[in-house]
Amino acid sequence: MNPLSLTRREFLQSTAAAGSGAAVAHVVPAGLFSQTTSGAEPVPAWASKPMRWMQLTLVEDDPIHYDPAFWLDYCRRTKSDGICLSGGGCVAYYPTQIPFHHRSAWLGGRDVLGELITGCRKMDMTILVRTDPHATYDDTKAAHPDWIAVDAEGNPRRHWASPEMWVTCAYGPYNFEFMTAVHKEIMARYRVDGLFHNRWDGNGICYCVHCVENFRAAAGLDLPRAASMQDPSYRAWQYWRQERLLSLLDLWNSEIRAINPASHDVPNGGNVALSSIDALEITRRAPMLVADRQARSGLAEPWLIGKVAKEHRAVAGDKPIIGLFGVGLEEKYRWKDSVASNAEIRIWVVDAIANGMRPWCSKFSGTLHDERWLKGVEDLYNWAARNETYLTHTQPLARVGVVYSQQTAWYYGGEQAAAKVENYGLGWYQALVESRIAFEMVHDRLLDSAELARFKVLILPNIAVLSDKQCDELRAFVAGGGSLIATHETSLYDEQGTRRKNLALADLFGVDWTGKSEGPMQNSYIRLEHDALPNSPLFAGLEDAPRIINGVSRLEVVPRQPFAETPFTLIPSYPDLPMEKVYPRTAKTDVSCLYLREAVGRVAYFPFDIDRTFWEVLSADHLKMMRNTVRWALNEAPVFEVDGPGLLDVTAWRNPGSITMHLVNLTNPMTMKGPYRNFFPVGPQTVNLELPAGVEARAARLLVADKAISVERKGSAIGFVVPSVLDHEVVAIDI
Ligand SMILES: [Zn+2]
């Protein structure tokens, strides 16, 4: 039985609780989500082989303007070994026979898609064909009005950017019937390796006749009127939508594989942590994971692409992770024909590679309006091709894992998921990058002992929603010698998003919640108890600090029994105006701001939002407190130590025959906003790298400076110096 087939009865059971006064209560239908990272099938060779992808997204008038020979030559010059080509959906670039499949008005009698496929086949490239089903035309609407998405007022939805077009319903016959026929036709004509689906997952709640009927049949409910997880109908719709979309992928997959058994669907993906579709279920259905995060925008940091890579890797198993990048500015005004600075493109792509992604260059329009990006991508791809054997990125060496939780984003964060959930994780991410501590991300539904075996420390950044089973897995991790760091409301809510009376992990933390919370706190501080703990490693870098700023929100908790050490205590808020009144009313309390326990493993619990506050304020004192806590929890030699100036994103990998270490230099006035203009070298960087047991370093080479370096054996580690890092340096250690 398909575990995703929800019966109406299951839906009714799951929604009944929600109507009984517990506003948030809602049962996840049993068996909706499985707990595996990968399907039974091995990764096909066509998916595992390509190391450098190119995507050419044609625009409708390209057939008479663009130069296919140029693009085929550019693929050759960049040594691209995978390609994604526009096929159909919104516009067909081949002589389709399917009614309402709109051929490019400039196609004439040509087969543009076929011409490109023929050229790419001669270069032995893996070939995906891109389809985009999200918009259609008047003639389609006239013949099939029920294929068009409908808004809450009952009106068919015009396309927001191309008002002559209509938005299609993703959950009904347009996708299930029409697009299935398109996909079958493309696969039958070209027998390509796979189909890449762009914007296939809909545009929010649709009120078309099919959605009304299908949702009522499945859930026994009317469609929700607003997107609120407090609304049982909306929760049920979220489950129903996921089931529809996952079954859509299954349908497309089975239909194209009936034609070409070696082929596969490849759905476009993006941000995992805040995705509304379950990452494990998507991953089970894809031979490779494509993360569409094209560039920075707004206040996004350059390491963000690395975070996306780590989130995908947490669920990917042995599937390749592809970093889909653009060459333009990525802002809400959507200058899709723009070209970003070469430095900005480079820093994004080298950080993606450093974090285990294979680059995928996405270009819109075969007709070039600005050629300035071409040489930069060509240079980068040629460097990556020369050093391909060191960039396979088989196994990260990190011993620290940062947990992310889609269920916390859904059921606790809701519409405020960025502020209530994501900003905590971002705080840890920034702190660990600044501290040059090797780390990975961990999906919260993969906390069993096998998944966690490679980690010594797990960090739970306000992972509020945890089931009893997940809490048991975390207890087992600590009982097995692992260390845990948790903040704020971690484990205060069950898997349905219902608040518990106490923290489920109260036993691990050694504290109980009193039921009271405080915040936002103004003008509150943390006192460092130097007198009681004169040489505490938790005060490293803070030896001369009598007190530091507090966070903004905290839970009031009381210890179950006295703690051996209380290094940080609360100085409660006091008035911040008038200035004459700004003096502490209480100089010292015995209220701890960080609870430290040594069970088999070590446990550190911050009852306040240090991580979220750090992300908001970026106080160096909070950074030191977080960093010192990680080192205390780690309680072993770190994978690497890198001493030298600057902000570096450092990663280390074990590959067949080598250990590869990346140092990405993020030091730049534009790091926290705006495209990089150029780079500023930092160095020297003195590196100490722990070698895995039984591994000997034979030789080391800098892959960017292109020269050998000497390494010095220091017990179980090796030491070496990287003289200077401009944009990035990669140290390849043959073992
Ligand atoms: Zn619909």
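The values are calculated or read from the model by the stated rules, or taken from the named source; none is laboratory data. Keep in mind the model is a prediction, meaning the values are calculated, not measured. Virtual Cβ from ideal backbone geometry, glycine too; neighbours counted across all protein chains shown. Side chains included, ligands, DNA and RNA excluded: accessible areas come from the protein's heavy atoms. Shrake-Rupley method; radii C 1.70, N 1.55, O 1.52, S 1.80 Å.
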Checklist entry - What is the Å³ per residue value for the convex hull set by the Cα atoms of the stretch 360-445? => result 194 Å³
Checklist outcome for this item: Projected area averaged over all directions for the convex hull of the alpha carbon atoms of the stretch 117-182, nm², comes out at 6.1 nm²
Item to check | residue 244 accessible area, assembled protein chains, probe 1.4 Å, Å² | outcome: 50 Å²
Item to check | Cross-link pairs 310/420; 49/184; 501/624; 469/624 - those with Cα-Cα distance over 23 Å | outcome: 49/184; 501/624; 469/624
Checklist entry - How many percent of the accessible area of the stretch 528-598 is carbon or sulfur, using a 1.4 Å probe? => result 55 percent
Checklist entry - Quick one: Cα centre-to-centre distance for the stretch 484-535 and the stretch 140-171, in angstrom? => result 49 Å
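Hey, any idea what % of the stretch 76-116's accessible area is carbon plus sulfur with a 1.4 Å probe?
Solvent-exposed carbon and sulfur of the stretch 76-116 make up 58 percent of the total.
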Checklist entry - Which value, in debye to the nearest 20, gives the size of the charge dipole of the stretch 347-433 about its Cα centre, when Lys and Arg are +1 and Asp and Glu are -1 at the Cβ? => result 180 debye
Checklist outcome for this item: Quick numbers on the chain, Rg and Dmax over C-alpha atoms in Å, give 26.9, 85
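If Rh is defined by the Kirkwood formula over all Cα pairs and Rg also comes from Cα, what ratio Rg/Rh do you get for the stretch 311-427?
A ratio of 1.03.
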Checklist entry - With every protein chain present, what accessible area does residue 274 have (1.4 Å probe, heavy atoms only), rounded to the nearest 10 Å²? => result 70 Å²
Item to check | Probe 1.4 Å, all protein chains present, accessible-area order of 233, 710, 48, largest first | outcome: 710, 48, 233
Next on the checklist: Working only with C-alpha atoms, what are the Rg and Dmax values of the stretch 576-714, expressed in angstrom?
Outcome noted: 21.1, 67
Item to check | Heavy-atom accessible area per residue - the chain, 1.4 Å, Å² | outcome: 38 Å²
Next on the checklist: Give me the dipole magnitude in Debye, nearest 20, for the chain about the Cα centre, with unit charges on the beta carbon: positive for Lys and Arg, negative for Asp and Glu.
Outcome noted: 540 debye
Next on the checklist: Among 180, 322, 640, whose Cα projects farthest towards the positive end of the dipole of the chain, with charges put on the beta-carbon of Lys, Arg (+1) and Asp, Glu (-1)?
Outcome noted: 640
Checklist outcome for this item: Out of 430, 238, 258 - ranked by how far each Cα lies towards the positive end of the dipole of the chain, with unit charges on the beta-carbon of charged residues - the top one is 258
Next on the checklist: Over the stretch 185-256, what portion of Cα pair distances is larger than 21 Å, expressed as a whole percent?
Outcome noted: 38 percent
Checklist entry - Rounded to the nearest 10 Å², what accessible area does residue 357 show when all protein chains are kept and the probe is 1.4 Å? => result 10 Å²
Checklist outcome for this item: Taking Rh as the Kirkwood radius computed over alpha-carbon pairs of the stretch 84-132 and applying Stokes-Einstein at 25 °C with viscosity 0.890 mPa s, one gets a diffusion coefficient in µm² s⁻¹ of 220 µm²/s
Checklist entry - Where the centre of each part is set by its Cα atoms, how far does the stretch 566-588 sit from the stretch 235-265, in angstrom? => result 58 Å
